[in-house]
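Presented below is the structure to which this report refers.
No lab work stands behind these numbers, since they all come straight from the coordinates. On a predicted model such as this, the values are computed, not experimentally measured, just so you know. All Cβ positions, even for glycine, are placed from backbone atoms using ideal geometry, and neighbour counts span all protein chains on display.
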């Protein structure tokens, strides 16, 4: 099939892109890497009168270390993040999640902002943003705002982004000191969407106690599932988090889930896998933090 007819716009700067979106609102759609939107257009699962191609908006492609963390432009490709020394140093969980996304050809075109705004429940990046407590910078022709990643995702392919707005940058907070991060997923084949995935981050103090923790799952709900409220990690000594304690944490998270069922996996299967992935990624994060 072919997409329905549309007008194509290729602005060279952010201001022009926002002006076009403001003029056409619900009839317009921003085009980032196109790895999700273009197939949906071709299958006529969605249609828009205007496509606003952002590939020439270079101000949205920088990876910038900051005193409080790392800022990455929304049009930065996944392949660039995978090669970035700055991303590996300042946002290691994001860096490690990147090879799990599709295949290299997808990552060459796919972007951070495209993946986040597409908001597929099985995507790695949205869960990473939630686990790390990332902030999203959003702009329209008339204003700018920021929002927590946990508040950005509203449902399958649905976010709090208005039709005249663009995600411009993602800010990752600095995790300092002894830190550990891990991500893992179960998929039918490498490159397929995850059936279930989990991402974790831990920060320890000098007394081997957890001072900061993030845990998010993907593929188990309509949005990234923030598991942190369902477990008690902060303030606990690492010595308390043995295999039995981590198994109990995994079971607690699994009980809190109500995963979808589809042709690939039942709800019960997703719940069981989640219960096993959670202790696995937490154990890996703890081991890395202990080496710090």
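When only alpha-carbon atoms count, how far does the stretch 136-292 stretch along each of its three principal axes, as whole angstroms with the largest first?
Result, largest extent first: 52, 42, 27 Å.
List 277, 257, 43 from most exposed to least, where exposure is judged by having the fewest other Cβ atoms within 10 Å.
Ascending Cβ contact count within 10 Å gives the list 43, 257, 277.
Taking the beta-carbon count within 10 Å as an exposure proxy, list 90, 264 from fewest neighbours to most.
So the ranking, lowest neighbour count to highest, is 264, 90.
By how many degrees, 0 to 90 and rounded to 10, does the Cα axis of helix 243-256 deviate from the longest principal axis of the chain?
So the helix axis and the longest Cα principal axis differ by about 40 degrees.
Roughly how many Å is it from the Cα centre of the stretch 176-230 to that of the stretch 256-270, as a whole number?
Between the Cα centres of the stretch 176-230 and the stretch 256-270 lies a distance of 19 Å.
Helix 267-291 sits at what angle to the longest principal axis of the chain, using alpha carbons and giving 0 to 90 degrees rounded to 10?
That works out to roughly 70 degrees.
For the stretch 1-109, just say rounded, prolate or oblate: build the C-alpha gyration tensor, square-root its eigenvalues into a ≥ b ≥ c, call rounded for a/c under 1.5, and beyond that prolate if a/b exceeds b/c, oblate if not.
Judged from the Cα gyration tensor, the stretch 1-109 comes out oblate (a/c at least 1.5, b/c at or above a/b).
State whether the stretch 139-195 is rounded, prolate or oblate according to the following rule on the C-alpha gyration tensor (a ≥ b ≥ c being the square roots of its eigenvalues): a/c under 1.5 gives rounded; otherwise a/b larger than b/c gives prolate, and the remaining case gives oblate.
The shape class here is oblate.
What is the diffusion coefficient of the stretch 59-208 in µm²/s, taking the Kirkwood radius over Cα pairs and the Stokes-Einstein relation at 25 °C with a viscosity of 0.890 mPa s?
Value of D from the Cα-based Kirkwood radius: 157 µm²/s.
Here are several values of P(r) over Cα pairs in 10 Å bins from 0, in percent: (1) 7, 28, 34, 21, 8, 2, 0; (2) 6, 30, 39, 22, 3, 0; (3) 5, 20, 19, 13, 12, 11, 9, 6, 3, 1, 0. Which one was derived from the coordinates shown?
Computing P(r) over Cα pairs in 10 Å bins from 0, in percent and matching it to (1) 7, 28, 34, 21, 8, 2, 0; (2) 6, 30, 39, 22, 3, 0; (3) 5, 20, 19, 13, 12, 11, 9, 6, 3, 1, 0 gives (1).
Within the chain, what percent of beta bridges assigned by DSSP are antiparallel, to the nearest 5?
85 percent
How would the stretch 7-53 be classified by its alpha-carbon gyration tensor: rounded, prolate or oblate, with rounded meaning a/c under 1.5 and the a/b versus b/c comparison settling the rest?
Oblate shape, in that a/c is at least 1.5 and b/c is the bigger or equal ratio.
Determine the calculated [θ] at 222 nm for the chain from helices alone, applying -39500 (n - 2.57) to every DSSP H run no shorter than 4 residues and normalising by the residue count; nearest 500 deg cm²/dmol.
Computed ellipticity for the chain at 222 nm equals -9500 deg cm²/dmol.
Top mean-square fluctuation among 206, 275, 219, Gaussian network model of the chain, C-alpha springs under 10 Å?
Looking only at 206, 275, 219, the biggest GNM fluctuation is shown by 206.
Using 0.36 nm per residue of separation minus the Cα-Cα distance, give me the extension gain between residue 236 and residue 13 in nm, one decimal.
Between residue 236 and residue 13, full extension yields 75.5 nm more.
Once you place label points 7 Å from the Cα toward the Cβ at residue 150 and residue 174, how far apart are they in nm?
2.3 nm
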